[in-house]
2 protein chains.
Amino acid sequence: MKRKNISVVFVATLLAFSSVVKAQTVKSPDGNVVLSFSLKEGGMPTYEMNYKNKSVIKPSRLGLEPARDKHASKGLNETDLMERFIEMGYKLSSFDETWKPVWGETSTIRNHYNELEVDLNQPNSKRNIVIRFRVYNDGMGLRYEFPQQNALNYFIVKREHTQFAMVGDHTAFWLSGDYDTQEYETQISKLSEIRGKMKAAITDNPSQTQFSPTGVQTSLQMKTANGLYINIHEAALVNYPTMHLNLDDKNMVFKSWLTSDAVGNKAYVQTPFCTPWRTVIVSDDARQMLASNLILNLNEPCKLTDTSWIHPIKYCGVWWEMIASGKPWSYTFELPSVHLGITNYTKVKPNGLHPANTENVKRYIDFAAKNGLQEVLVEGWNVGWEDWFGHWKESVFDFVTPYPDFDIKYLNEYAHFRGVKLMIHHETSGSTTNYERHLEEAYKLMRMPVFRYS
Amino acid sequence: MKRKNISVVFVATLLAFSSVVKAQTVKSPDGNVVLSFSLKEGGMPTYEMNYKNKSVIKPSRLGLEPARDKHASKGLNETDLMERFIEMGYKLSSFDETWKPVWGETSTIRNHYNELEVDLNQPNSKRNIVIRFRVYNDGMGLRYEFPQQNALNYFIVKREHTQFAMVGDHTAFWLSGDYDTQEYETQISKLSEIRGKMKAAITDNPSQTQFSPTGVQTSLQMKTANGLYINIHEAALVNYPTMHLNLDDKNMVFKSWLTSDAVGNKAYVQTPFCTPWRTVIVSDDARQMLASNLILNLNEPCKLTDTSWIHPIKYCGVWWEMIASGKPWSYTFELPSVHLGITNYTKVKPNGLHPANTENVKRYIDFAAKNGLQEVLVEGWNVGWEDWFGHWKESVFDFVTPYPDFDIKYLNEYAHFRGVKLMIHHETSGSTTNYERHLEEAYKLMRMPVFRYS
């Protein structure tokens, strides 16, 4: 199934310690995408990108800003990884492999790119970083790599400063930038109109919090006046925060904006480390945006040896009744606050609207059985929904205790009898420490015959 | 074993909604300790305390300051729980019970106190709180209680403002206030000298971080010029941060200073809730400071039904070699950074100084066997000590993988053969999420015969 074709050219830079401006170019296998890297004056790493001789990304800066923290490699004397770089060398290589996804739209995927690795040194900090570009026929990915080295063992990313300079005032299909939720409706506007339309893009969904008046989410799909489709996103997002985009709407330059932790730090890095890929997909055919495998190719290969348990299914579920019909996840309206293991649900008045009840779920099971759906999802089956949201509450759910009106044993057996599986919903409510504590017992419950985890 | 004698007097305050200043007094069973509560002008809760007609605590304020947070009960309109209270009533009661500790210095402990419960209402916030005092022959405890109520379901403690106003410039036996470590040497000085001696009290221990130039730790032991011994501490510290003390050294008033989280919040409270007890032990006999059972009595009763596995032992251990002789916990000096599961310790050069090695621990086992010590503690036995500290590193230890020079199976068997148990050290390094993830496997390892957890 695999065919590989790798060629490598390594170019040692003879004038490594000079301040001469360097530039390298790498093209896609079909030559349509052209990516150029250069160190601008002051040792600033930049790149630009063209597609069929049209500019996609104008010259844009690259770099990161570590936090000045006493626990970083250089402590409070931490310096920026933004400029004063010299180029030590670069490598050009090609790669061509066809691989088989566990599941997906196609049985095989071709991973075919040309690569440029640029090795940079920042003499004042004695640090080496690598910027790697992979150029595909439908776009490119770039990432930062930090080899393990004495001057860079541990650092904290305060900000990443990857820029995507747009050529014009493109049409964008955007969601308001938000660390917590993608539950927005897609807005369509010129880039210059984002600021003006931001307020109207926000609903009364209490999960929504914006980080900037021109902040948008990735993936960001755009269309240019001269017929190009451009998508900015990321791949291989591992041990690093999600990248959003903040628009400088005077210059039409997007800058990476990472999800923050509580104190404003973005990532705690131990070298060797690679950031996720920053991806730009481009085409003059809108269909190629959906057909692209660029992000799948840049993701890490599957690490699981047994993937037999992964398979797509069709399901229906107790969910849209709440989302679309305003019914509650909760069992009662009487409890302003729930203490798991103490609150006695048999003593409260049911609200009578709770859709995750035995009779209703039985109806869904019958529907699934009749219509060839393999599973039935149930949300709101377990105790705790009365105060699950917005209280900094840690012990929100135990993932094993059903509401009094949800006969989990009976429903599991009934589903089994009808040839359907129950799909049990786990709502972490953002309380990951609580979820990790209950994982073991929660999964044991699902080892009852025919459960499936959602 | 138990004898109880409880009497309750409930006094409804007829003038509950007036602004008349109230005062209640409760004495210790022997009458020596006198505790008075009063609402000062503006509805400020205060208390004072005497011992044998000498003032121990001058009139001192009580109260808390919730954070103005969108997730608190009253959101950004959160109000202080410091003043504008009215007294709705109070209860006086007595309690006398003798109970049996799981282990300790005495086989039984008498819990004998008189109690004052003050029920306060803050009309502007529609909130009710309770301040409860328990007065013993050797001191008192006070705590705040928050009944569940619509106006106070969830709140965040920004600061607690419990004061302990000293009568004079007492002699204090103090440690620098620090959220992370008690690894300081005890300083002895007048209260007025703490500020001047703070710098010298701090060593180059990198764990040490001070929160205030006059901040000290609890328990704080003092001696007065007129022959009293006073100790300020806390009891029943559950779901709430440790209380330190910050000294106003102009007025000799200590104020509670709670350990903070990363964003400056102190506690995330869901009602009903009680804070820990704030304790003041007092005597004119220094020996009573150690003999006091006040804190044990104010702690919650043991919730375990099976306590047969809890028993005191004597042990020696591989620990002081590092603390006192400067030897390393680590196996090698070659690794500036460790990746658990990836770093190959068999390929690095041992530092040759690592005391947690098979031969040395065998020597300790022999010593323990010869001298009737039941267990041998070993620190530094497991991989990860090369970079365990000060890097915001989450995956620090796995608690199951020994260094190449520590033959855990052999040592376990050898200890068993000599009638001694190995006591395995778990260093969380503050990374509690990592520890929780490994608990299951770590405890499984200790189910090998004769291990014991430290």
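Of note:
- Residue A:283 under 25 Å from residue A:229 (Cα atoms), touching a residue at least 60 places away in the same chain (Cβ under 8 Å), small (Gly, Ala, Ser) and open to solvent by less than 10 Å² (accessible area, probe 1.4 Å): yes
- Residues that are part of a strand (DSSP E or B) and either open to solvent by 10 Å² or more (accessible area, probe 1.4 Å) or in contact with a Lys or Arg (Cβ under 6 Å, 6 or more places away or on another chain) (or both), drawn from the stretch A:270-280: A:270, A:273, A:274, A:277
- Any hit, the stretch B:98-107, residues being open to solvent by 10 Å² or more (accessible area, probe 1.4 Å) and assigned to a strand (DSSP E or B): yes
- Take the conditions (1) at pLDDT below 95; (2) more than 23 Å from residue A:235 (Cα to Cα); (3) touching a Ser or Thr at 6+ places or on another chain (Cβ under 8 Å); residue A:179 misses just one of them, which is (2).
- Any hit, the stretch B:143-162, residues being without any contact (Cβ under 8 Å) to a residue 60 or more places away in the chain, assigned by the TED database to the domain that holds residue B:69 and part of a strand (DSSP E or B): no
- Qualifying residue in the stretch B:280-292 (condition: of a type in the set (D, E, K, R), under 30 Å from residue A:340 (Cβ atoms) and outside the structural domain of residue B:396 (by the TED database)): no
- Residues satisfying the stated conditions in the stretch B:222-262, i.e. over 21 Å from residue B:195 (Cβ atoms), open to solvent by less than 50 Å² (accessible area, probe 1.4 Å) and in a loop (DSSP other than H, G, I, E, B): B:227, B:228, B:236, B:240, B:241, B:259, B:260
- Screening residue B:365 with (1) away from chain A (no Cβ under 14 Å); (2) open to solvent by 10 Å² or more (accessible area, probe 1.4 Å); (3) not charged (D, E, K, R) gives one miss only, at (2).
- Residue B:324 meets all of the listed conditions (1) more than 22 Å from residue B:443 (Cα to Cα); (2) open to solvent by less than 50 Å² (accessible area, probe 1.4 Å); (3) at pLDDT below 95 but one, namely (2).
- Within the stretch B:187-203, tally of residues that are β-branched (Val, Ile, Thr) and either under 17 Å from residue B:250 (Cβ atoms) or in contact with a Pro (Cβ under 7 Å, 6 or more places away or on another chain) (or both): 1
- All positions within the stretch A:175-192 that are surrounded by fewer than 16 Cβ atoms within 10 Å (Cβ to Cβ) and of a type in the set (Asp, Glu): A:180, A:183, A:185
- Residue in the stretch B:60-77 that is surrounded by fewer than 16 Cβ atoms within 10 Å (Cβ to Cβ), among the hydrophobic types (A, V, I, L, M, F, W, C) and at pLDDT below 95 present: yes
- Test: residue in the stretch B:439-453 that is over 30 Å from residue A:157 (Cβ atoms), without any contact (Cβ under 8 Å) to a residue 40 or more places away in the chain, of a type in the set (Val, Ile, Thr) and more than 14 Å from every other protein chain (Cβ to nearest Cβ): yes
- Unique residue being within 14 Å of another protein chain (Cβ to nearest Cβ) and more than 17 Å from residue B:282 (Cβ to Cβ) when the list is B:212, B:189, B:260: B:260
- Candidates A:309, A:329: the one that is assigned to a loop (DSSP other than H, G, I, E, B) and in contact with a helix residue (DSSP H, G or I) (Cβ under 9 Å, 6 or more places away or on another chain) is A:329.
- The set of residues in the stretch A:201-221 that are touching a residue at least 12 places away in the same chain (Cβ under 8 Å) and open to solvent by 70 Å² or more (accessible area, probe 1.4 Å) comprises A:203, A:206, A:213.
Results for (1) more than 30 Å from residue A:115 (Cβ to Cβ); (2) assigned by the TED database to the domain that holds residue A:159; (3) modelled with pLDDT of 95 or more, shown as yes or no for each residue.
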position: A:199; (1), (2), (3): yes, yes, no
position: A:202; (1), (2), (3): yes, yes, no
position: A:214; (1), (2), (3): yes, yes, yes
position: A:238; (1), (2), (3): no, yes, yes
position: A:244; (1), (2), (3): no, yes, yes
position: A:251; (1), (2), (3): no, yes, yes
position: A:255; (1), (2), (3): no, yes, yes
position: A:267; (1), (2), (3): no, yes, yes
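- Single residue of the stretch A:392-428 satisfying the filter (within 12 Å of another protein chain (Cβ to nearest Cβ), touching a residue at least 24 places away in the same chain (Cβ under 8 Å) and under 26 Å from the mean Cα position of the chain (by Cα)) that is surrounded by the fewest Cβ atoms within 10 Å (Cβ to Cβ): A:394
- All conditions but one from (1) away from every other protein chain (no Cβ under 14 Å); (2) surrounded by 18 or more Cβ atoms within 10 Å (Cβ to Cβ) apply to residue A:387; the one that does not is (1).
- Residues in the stretch A:340-352 that are in contact (Cβ under 8 Å) with a residue 24 or more places away in the chain, open to solvent by less than 80 Å² (accessible area, probe 1.4 Å) and closer than 16 Å to residue B:272 by Cβ: A:340, A:343.
- Odd one out for residue B:160 among (1) within 28 Å of residue B:228 (Cβ to Cβ); (2) at pLDDT below 95; (3) under 18 Å from the mean Cα position of the chain (by Cα): (2)
The values are calculated or read from the model by the stated rules, or taken from the named source; none is laboratory data. None of these values were measured; they are calculated from a predicted model. Neighbour counts are summed over all protein chains in view; Cβ atoms, including those assigned to glycine, are modelled from backbone coordinates with ideal geometry. What goes into the accessible areas is simple: the full protein's heavy atoms, side chains included, and nothing from ligands, DNA or RNA. Shrake-Rupley method; radii C 1.70, N 1.55, O 1.52, S 1.80 Å.
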